[in-house]
Amino acid sequence: MLCEQYLIAQYREHGFPVSITRYPMVYGPRNSTPVREALMFKRLQEKRPVLIPGDGATLSHLSYVFDQATAACAMMLNPRTFGQAYNMAGREYHSDEIYVDVLADIVGVTPEKVYMSPDLADEAYRTMPYPVMQRHGVGLVDWRESSVFSTRKFEEHVGYAQEHTFRAGMAETFEWYMRERIGEHMTTDFSREEAILAKALTSR
């Protein structure tokens, strides 16, 4: 926020041509962070039970990397965007449960979903070495809080809305994941996840 304020002040005071974008969680091919969609693909392929916080209804809003690139190109050096800040995200948002369902459908499996009580979900987010769900603001935003962003301002100013549906973007990402054999090179320690899972199954 301080950076944004400084840059906008430079535009207003000196005409510095700054345009600001705010990205939520990014996904897509060449994602260098293996604890995001790649981890869920791997978990589903190995037919591991999937932990879901609470009742799975918390909403999240992701952004597909190829659409981000197109949007950024449309924005750069566009005078209409100077001195402005935008949310740049997909046109869809989804619940945690829908996230699991969509990725499982792409992988071609029926997921075994295990819902965690609020207390157990708190413990999972506090103790697991990676996020339970791929979501904006992990560690900053409580898992109970939905994160959904308006992209209307960007669409009105630039004339572009992200083109891929959530499913289409994830399907292209899974093609990359399989083509590059990402899962084969991932060494993930699921031991903490399995400990949480055991607690969740016991409390059913």
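Which of the residues spanning region 35-55 are buried (at least 17 other Cβ atoms within 10 Å of the Cβ) and either modelled with pLDDT under 95 or acidic (Asp, Glu) (or both)?
Correct list: Arg36, Glu37.
Take the conditions under 29 Å from Thr202 (Cβ atoms), at pLDDT below 95 and assigned to a helix (DSSP H, G or I) and apply them to Arg135. Does it pass?
Judged against the criteria, Arg135 is not a match.
Residues being free of Cβ contacts under 8 Å to residues at least 60 places away in the same chain and either at positive phi or surrounded by 13 or more Cβ atoms within 10 Å (Cβ to Cβ) (or both): count how many of those fall in region 16-34.
Number of matching residues: 3.
Just to verify a result, which residue in region 86-123, among those that are small (Gly, Ala, Ser) and modelled with pLDDT of 95 or more, is farthest from the chain's Cα centre (by Cα)?
Ser117
Within region 138-153, which residues are in a loop (DSSP other than H, G, I, E, B), touching a residue at least 24 places away in the same chain (Cβ under 8 Å) and either farther than 22 Å from Ala195 by Cα or touching an Asp or Glu at 6+ places or on another chain (Cβ under 7 Å) (or both)?
Across region 138-153, the qualifying residues are Glu145, Ser146, Ser147, Val148, Phe149, Ser150, Thr151.
Quick grid of which residues meet (1) more than 20 Å from Ala171 (Cα to Cα); (2) free of Cβ contacts under 8 Å to residues at least 24 places away in the same chain; (3) touching a strand residue (DSSP E or B) at 6+ places or on another chain (Cβ under 9 Å):
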residue	(1), (2), (3)
Lys42	no, no, no
Ala57	yes, no, yes
Phe66	no, no, no
Thr70	no, no, no
Cys73	yes, yes, no
Gly83	yes, no, yes
Glu92	no, no, yes
Pro131	yes, no, no
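Within region 118-144, track down each residue that is surrounded by 15 or more Cβ atoms within 10 Å (Cβ to Cβ), hydroxyl-bearing (Ser, Thr, Tyr) and more than 18 Å from Glu46 (Cβ to Cβ).
Residue satisfying the conditions is Tyr125 alone.
When you scan region 1-86 for helices (runs of 4 or more DSSP H) that lie fully inside it, which ones turn up with 2 or more residues that are among the charged types (D, E, K, R)?
Counting at least 2 such residues, we get 2-14, 37-45.
Please specify each residue of region 162-200 satisfying the condition of being more than 15 Å from Ile106 (Cα to Cα), more than 21 Å from the chain's Cα centre (by Cα) and part of a helix (DSSP H, G or I).
Hits for region 162-200 are Glu184, His185, Ser191, Arg192, Glu194, Ala195, Ile196, Leu197, Ala198, Lys199, Ala200.
If I go through region 106-123 residue by residue, how many of them are over 9 Å from Pro53 (Cα atoms), touching a residue at least 12 places away in the same chain (Cβ under 8 Å) and either assigned to a helix (DSSP H, G or I) or in contact with a helix residue (DSSP H, G or I) (Cβ under 7 Å, 6 or more places away or on another chain) (or both)?
6
Could you list, in sequence order, all residues of region 161-198 that are within 19 Å of Gly54 (Cβ to Cβ) and surrounded by 15 or more Cβ atoms within 10 Å (Cβ to Cβ)?
Across region 161-198, the qualifying residues are Glu193, Ile196, Leu197.
The values are calculated or read from the model by the stated rules, or taken from the named source; none is laboratory data. Predicted, not measured: the structure shown is a model, and the values here were computed from it. Glycine gets a Cβ as well: all are built from the backbone with ideal geometry, and neighbour counts include every protein chain shown.
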